[in-house]
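The structure appears below as structure tokens.
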Amino acid sequence: MNKSNTSPIGHSWEEVEAEIFAPEEIAQSNIRVALIGELIKARQDKGISQKKLEELSGVRQPIIARMEKGSSTPNLSTVIKVLAPLGKSLAIVDLNSGLEKRMISHHQRSGKVETK
């Protein structure tokens, strides 16, 4: 399928994104989207509200909301505090393993996480 003219403005998001951002910036953004998507999914799967997650993690609910909305870039320690009560952790993986690409692709296909 030709994506070059799928938008009313004549360019797909991928084309515009590639013109505006460096590949490293795109990769970093995709990782953030995948991470936050997993955090939201884990919280919802456990049936935990943001307020309850505040009680369990010690991270204030407005901070959790901003993280989930993508309007802030949390410190690593904040992410770890929020993930722990959800039974999750961070892992360092080889970028060549394809795991990152599979996670990002899953979130983009699910439509639950906006990548724009």
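Values quoted throughout were computed directly from the atomic coordinates according to the rules given, and no laboratory measurement underlies them. All values reported here derive from a predicted model rather than from experimental measurement. Note: ideal-geometry Cβ built from the backbone for every residue, glycine included; neighbour counts use all protein chains shown.
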Scanning region 41-55 residue by residue, those surrounded by 16 or more Cβ atoms within 10 Å (Cβ to Cβ) and in a helix (DSSP H, G or I) turn out to be 41, 42, 43, 50, 53, 54
Just name the residue that is nearest to residue 36 (Cα to Cα) out of those in region 66-82 that are aliphatic (A, V, I, L, M) and under 13 Å from the mean Cα position of the chain (by Cα). 67
Scan region 56-84 for residues that are in contact (Cβ under 8 Å) with a residue 24 or more places away in the chain, among the polar types (S, T, N, Q) and surrounded by 15 or more Cβ atoms within 10 Å (Cβ to Cβ) and jot them down. 57
